[in-house]
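Accompanying notes for the structure given below.
The values are calculated or read from the model by the stated rules, or taken from the named source; none is laboratory data. Only a predicted model underlies this, so the values are computations on that prediction, with no experimental measurement involved. Here the Cβ positions follow ideal geometry from the backbone for every residue, glycine too, while neighbour counts run over all protein chains shown.
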Amino acid sequence: MRIYLDYNAGAPLRPEVRAAIARLCDADAANPAAVHHSGQRARRALEQARAQVAQLIGADPREIVFTSGGTESNNLAIAGAAQAHPARRIVTSGIEHSSILAPLEALARLGREVVYVAPDREGRIAPEAVADALDAPASLVSIGLANAEVGAVQEAAAMAEPAARAGALFHLDAAQAVGRIAVRVRDLRCDLMTLSGHKLGAPAGIGALYVRDGVAIAPALLGGPQESGLRAGTPNLLGAVALGAAVEAVSAALEEESARVGALSERLLALLRAAIPGLRLNGPRSNRVSNTLNLTFPGVLGESMLIALDLEGVEVSMGSACAAGAVEPSHVLLAMGLGREAARSSLRVSLGWNTRAADIERAAEIIARVWRRVRAAEPADSDAANGGGSRGADSSAEAAR
Amino acid sequence: MSARVLVAMSGGVDSAVAAAILRERGYDVVGVAMRLAPEPAAGARRRASCCSADDFEDARRVAERMDFPFYVIDMRAEFGARVIDNFVAEYLAARTPNPCVMCNREIKFARLFERAAALEADYVATGHYARIERDALGRYHLLRAADPAKDQSYFLFTLGQQELKRALFPLGAMTKGEVRARARALGLANADKPESQEICFVPDGDYARFVERAAPAERLRRGRIVDSAGHTLATHAGVHRFTVGQRRGLGVSAPAPLYVREIRAQSGEVVVAPRAGLGAAGLLACDIRLVDPAAAGAAPIAIDARIRYRHPTLPATLALEEPGRARVTFVNREGPAVTPGQACVFYRGDEVVGGGFIERAL
């Protein structure tokens, strides 16, 4: 039996989602834009899903645009806002998801000025720092509400006013926050918000962008008039219905489930701390999504731990994978000021709806055992493990035999 | 529970076939591919060893087909410090290094063994063409591959008893043709692609340019090209551009072809001579490793010496001197040009006795 602890990368399908998908498959739904009966049936299903998503975040259904996922939502928000709003400056932080950082880099190459607000050592972005970065007219502020790597939840509401004063649209990437904490767009006072389906137990390939009523952004995909003209193409009805079902399941027990998962995380952390001297939790102690533990394991390479754990049936993650499949240290941890060595010794453990108490007891035992073995076999405090800086004088001297 | 083996997979067919064979034999195979070479500079041409989704394609395919786990691991820092830095330092010191030997010694059969222990693997396997035999006394012997055209035992002389005990070379008894047939049966797309002869981190083969980019300009040893009598024939841009025995690219015109006979790191002088003046009577080697030190005596023994990969072996006498050093005397007094920095590997029949790095010609 494998123990899956990588919910921040994607949650397993919820049973409610499977059931909703099966029902829709049996219903012979057609293109929701079609005039006939089958089209109308599809349209009802699509609009019901939209209402479910809207309700979860306190939005109006007309403010929900279905997309192919978090990455598309972030790209639509950023490219759409930049196209519609000419002010040069865009404010973000260095700990954002690649689907925020990469489109912003592209905009920077086109002449926009992207300001990266630095997080503190725990991954928190100070609203004052965001305000300071908004001392010139700006088109967009784009911030992750909950950080995917360390779980820090930002004081987003306090960033809304400085953003508005600078004339900027305020975009929140809530892919890692929705379903874990209460997320209300009116309280957060954002203009745009990203949601991702597969973080919630729907399949990958569906997501949504909240676009506040009255906010104008340019579409990224051009074609038919679907999704208020912001996302052309026949909607992914199966995905939307799955997302609606996932959202429904999440909303039904958000507080209890969040408390349950939080208690399991705390239990795991306590067990690991007792077994692993020097274990460090990265990220803030409070104001965090309770399912995420980012841990620095002393004296080992995270890469070795990751593989050893996988061979023992415990599935966690580290940083991001390069195109060839090798893991790289997390850019979030580096931006938070962790050394390269510590970042290379860090793993992310993330829990979710199907994590059980017994999984946590077993995972703690396996993680502690694997850590002891890896540290003994392959200590990582050698010079070579320091990463980038190893091509120095010492190694040359040694190489000179 | 079956023994676990960590198979170093390069992305080529050899290691993919090696992994498949071990899986068929019932081992608990864990495939790993190592990222070794640094990222190419922006704009450099695409190459096999940089990071892309196509890398390790054959390795992935065989892992999927044979249903074993496969991981890409990042050894760039270690490879940079222990192989590339050494490669550059050797060229700057007027020697001609063999980074594949270094990679085997420092990465595949050192760091990868540590990783194997971390992953509770009992063995490390590669797609090298060489054989390991265990005798009745429990000693391990490193032998040439069954296919002489593919034999890679030269690159493995640094392995001692501890390494051989835990190493597996499943291709050692096979011919290249047999391996290619297996690769085709496994559906590997590249079963028939020619192997790369280049050093993986210098894909264009231009070692001089690589050294010039990696080393600070003040460490490049410029100097003169001189004849045996010390007359200056030309100047040159650095000793790293030369290797003993080299004929092309000297920038010197002479009635008879001239070859590099000696490179003097201190003075920066490159000594050239006609072919007749090139041959050595033997060599001194350092950093000697013996496959089975317990079996080696003090008395000189008759061996066949291989002074570079693909060079035919030469009958010689091996005398071990002070620890870690050896004198190799060719039976045929006028031997070939000997290139400092290259590995000299000692064979007795099919067996690798050991080897070292060539310090100088005798």
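Taking the listed residues B:111, B:60, B:131, B:65, the one that is in a strand (DSSP E or B), of a type outside the set (Val, Ile, Thr) and surrounded by fewer than 23 Cβ atoms within 10 Å (Cβ to Cβ) is B:131, with no other qualifying.
With respect to being aromatic (Phe, Trp, Tyr), part of a loop (DSSP other than H, G, I, E, B) and under 17 Å from the mean Cα position of the chain (by Cα), residue B:347 falls outside the description. Restricting the first member to the stretch B:274-299 and to residues that are touching a residue at least 40 places away in the same chain (Cβ under 8 Å) and within 14 Å of another protein chain (Cβ to nearest Cβ), and the second to residues that are small (Gly, Ala, Ser) and in a loop (DSSP other than H, G, I, E, B), the beta-carbon pairs closer than 7 Å and six or more apart or on different chains are B:286/B:324; B:287/B:324; B:288/B:324; B:289/B:160. Annotation: of all residues in the stretch B:284-305 being in contact with a Ser or Thr (Cβ under 9 Å, 6 or more places away or on another chain) and of a type in the set (Gly, Ala, Ser), the one that is surrounded by the most Cβ atoms within 10 Å (Cβ to Cβ) is B:305.
Could you grab me the full set of residues in the stretch B:317-340 that are surrounded by fewer than 21 Cβ atoms within 10 Å (Cβ to Cβ) and in contact with an Asp or Glu (Cβ under 7 Å, 6 or more places away or on another chain)? Matches in the stretch B:317-340: B:324, B:327.
Taken over the stretch A:79-100, the criterion of being buried (at least 19 other Cβ atoms within 10 Å of the Cβ) and under 16 Å from the mean Cα position of the chain (by Cα) is satisfied by A:92, A:93, A:95, A:96, A:97, A:99, A:100.
With the structure loaded, tell me whether residue A:348 is surrounded by 21 or more Cβ atoms within 10 Å (Cβ to Cβ), touching a Ser or Thr at 6+ places or on another chain (Cβ under 8 Å) and more than 14 Å from every other protein chain (Cβ to nearest Cβ) or whether it fails that test. Yes, satisfied. Scanning the stretch B:188-247 for residues that are loosely packed, with under 12 Cβ neighbours inside 10 Å and polar (S, T, N, Q) returns B:197, B:232.
Restricting attention to the stretch A:300-341, the residues being in contact with a Leu (Cβ under 7 Å, 6 or more places away or on another chain), at pLDDT below 95 and part of a loop (DSSP other than H, G, I, E, B) number 1.
Count of the stretch B:137-153 residues, restricted to those that are touching a residue at least 24 places away in the same chain (Cβ under 8 Å), out of contact with any His (no Cβ under 9 Å at 6 or more places or on another chain) and surrounded by fewer than 24 Cβ atoms within 10 Å (Cβ to Cβ), is 9.
Kindly indicate whether any position in the stretch B:188-196 is under 23 Å from residue B:358 (Cα atoms) and in contact (Cβ under 8 Å) with a residue 40 or more places away in the chain. No, that holds for no residue. Exactly one residue out of A:342, A:380, A:335, A:326 is within 28 Å of residue B:59 (Cα to Cα) and in contact with a strand residue (DSSP E or B) (Cβ under 8 Å, 6 or more places away or on another chain): that is A:326. Put simply, of B:312, B:257 the only residue that is modelled with pLDDT of 85 or more, loosely packed, with under 14 Cβ neighbours inside 10 Å and more than 23 Å from the chain's Cα centre (by Cα) is B:257. On inspection, residue B:122 fails the criterion of being closer than 25 Å to residue B:314 by Cβ and among the acidic types (Asp, Glu).
Counting only helices (runs of 4 or more DSSP H) that sit completely within the stretch A:1-96, those holding 2 or more residues that are of a type in the set (D, E, K, R) correspond to A:15-26, A:37-57.
Pairs are defined by a Cβ separation below 9 Å, a sequence spacing of at least 6 or placement on different chains, a first member in the stretch B:61-84 that is facing chain A (nearest Cβ under 8 Å) and charged (D, E, K, R), and a second member that is surrounded by 23 or more Cβ atoms within 10 Å (Cβ to Cβ) and in a loop (DSSP other than H, G, I, E, B); the pairs so defined are B:74/A:301.
Restricting the stretch A:299-318 to residues that are buried (at least 21 other Cβ atoms within 10 Å of the Cβ) and free of Cβ contacts under 8 Å to residues at least 40 places away in the same chain, which is farthest from the other protein chains (Cβ to nearest Cβ)? Among those residues, the one meeting the criterion is A:318. In the stretch A:319-338, the residue that is nearest to the other protein chains (Cβ to nearest Cβ) out of those that are closer than 20 Å to residue A:152 by Cβ and surrounded by fewer than 20 Cβ atoms within 10 Å (Cβ to Cβ) is A:320. When residue A:374 is tested against the conditions (1) modelled with pLDDT under 95; (2) assigned to a helix (DSSP H, G or I); (3) facing another protein chain (nearest Cβ under 8 Å), the lone failure is (1). Looking only at residues in the stretch B:114-126 that are part of a helix (DSSP H, G or I) and touching a helix residue (DSSP H, G or I) at 6+ places or on another chain (Cβ under 7 Å), the one that is farthest from the other protein chains (Cβ to nearest Cβ) is B:115. Somewhere in the stretch A:212-231, is a residue under 18 Å from residue A:96 (Cβ atoms) and either under 14 Å from the mean Cα position of the chain (by Cα) or modelled with pLDDT of 95 or more (or both)? No, the stretch A:212-231 has no match at all.
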